[in-house]
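Report on the following structure.
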Amino acid sequence: MKLISLKNIMAVTAIGLLSTACHHKNLYDEDITYQEIEVVFDWRNAPDANPESMALYLFDQVGNKPIRYIFSGRDGGTIRLPYGNYNTIAMNADDTDWAYDTNTGDIDNFETVTHEVHPDVANSTYSAHVSRGESTKIVETPGMLWSDRIDGFSVSPEDYNTKKTLTLYPEEAVCHYTIKIINVENLDSLSNLNIDGLLSGLAEGFVHGQQDFGNDNVIMPFQLTADVSSHELNGSFLTFGESSEEDHTDVMSLYIDLADGSRWYRNFDVTEQIHNAPDPRHVLIIIDGLELPKHQSETGQSGSGITANVKEWQRVDILLGM
């Protein structure tokens, strides 16, 4: 009879235990209720974007309660996500002191808007009556904003040993507006080369859940810089695009300080230029011809600065034909 040594029995037993341990490692652990997810922000739609951080909101399709994650940089990272089915939105989380979010518990109406200009500032800077249509609220212009929405991302116990990746494709959520006023007369009379302005008929915010601009009609301020040598006024700023409200008017107002401390201003109806812009994300408004008040020396008066033979406010409305 062939004898089996105790040493051989122990070796066989050890191999069996090791095999059993490896087998159980691949089974689902009922105590784990979450999954590690790799989040990727793919910038193919905005290759020049340079956010310093990104925010990700995941709304459970059952409870619709958002979970928020913040990523340093623009590339993404790894998160632990509870099992469930999610709809998601993402946006940059840096440099957003100009903004605040509304309807954050409702993915379809989650919106970023800008702060209202303080009434004291609005009254002192834009206190003259302006043809604003139905717009009354003056709000700040936005900074850069990128956004995307992806629906139907799910993670379940069946994914326990599967690598899951959530990819979003952010793109610009703002519009670039440029104003160019050419053939400006008496531009050399200006003592201050920065001119204040207002533009009405603009959307108040960006609705991330709809990936579209909001409906509310607001006014946004801007500044133009005078180029005396070329007789031009130029400026550019960001907006949330034209308001979707029907039958509204887009009015651009310019404000100039006069030598006697009063202000002179003019209104321009730019509705057609904005409404018919070839690219609504990049709007160019051109005004050809603007006569500013003449320098006092040109009117036979002594002193310097702009003549102020006007009341506290002087208003001229100009309707532009297409």
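The values are calculated or read from the model by the stated rules, or taken from the named source; none is laboratory data. From a predicted model like this one, the values you see are computed outputs, not experimental measurements. No Cβ is skipped: glycine too gets one built from the backbone with ideal geometry, and neighbour counts run over all protein chains shown. When the accessible area is computed, the model is the full protein with side chains, heavy atoms only, and any ligands, DNA or RNA have been set aside. Shrake-Rupley method; radii C 1.70, N 1.55, O 1.52, S 1.80 Å.
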Amide H of residue 173: which non-local residues (sequence gap of 5 or more, or other chain) have their own amide H closer than 5 Å, using H built in the peptide plane? 145, 146, 147
Cβ-defined net charge surrounding residue 222, 14 Å radius [Lys, Arg +1; Asp, Glu -1]: -2
Amide H neighbours of residue 93 at under 5 Å, excluding residues fewer than 5 places away on the same chain, with H built from the backbone geometry, are 53, 54, 55
At 7 Å along the Cα-to-beta-carbon direction for both residue 193 and residue 62, put a label point, then send me their distance in nm to one decimal. 6.4
How long is the gain from residue 70 to residue 171 if the chain were fully straight, where each residue apart is worth 0.36 nm and the alpha carbon distance is subtracted? 34.6 nm
What are the ³J(HN,Hα) values, in whole Hz, obtained from phi via the Karplus relation 6.51 cos²θ - 1.76 cosθ + 1.60 with θ = phi - 60°, for each residue of region 65-78 in sequence order, with x given for Gly and Pro? 9, x, 10, 10, 10, 10, 10, 6, x, 10, 8, x, x, 9
Full extension from residue 236 to residue 108: what is 0.36 nm times the residue separation minus their Cα-Cα distance, to one decimal in nm? 43.0 nm
Potential extension, residue 288-residue 215 segment - 0.36 nm per residue separation minus Cα distance: 23.2 nm
Karplus-derived 3J(HN,Hα) from phi for region 169-182 (6.51 cos²θ - 1.76 cosθ + 1.60, θ = phi - 60°), whole Hz, x at Gly and Pro, runs 10, x, 9, 4, 10, 10, 10, 9, 10, 10, 10, 9, 10, 10
In nanometres, what is the gap between the two model label sites at residue 140 and residue 38, each 7 Å from Cα along Cα-to-Cβ? 3.8
Using r as the Cβ-Cβ distance of residue 85 and residue 178, and R0 as 30 Å, what FRET efficiency do you calculate, to the nearest 0.05? 0.10
Ordering 284, 198 by the accessible surface of their heavy atoms, 1.4 Å probe, largest first, yields 284, 198
Net charge of Cβ neighbours under 13 Å - reference residue 232; Lys, Arg +1; Asp, Glu -1: -3
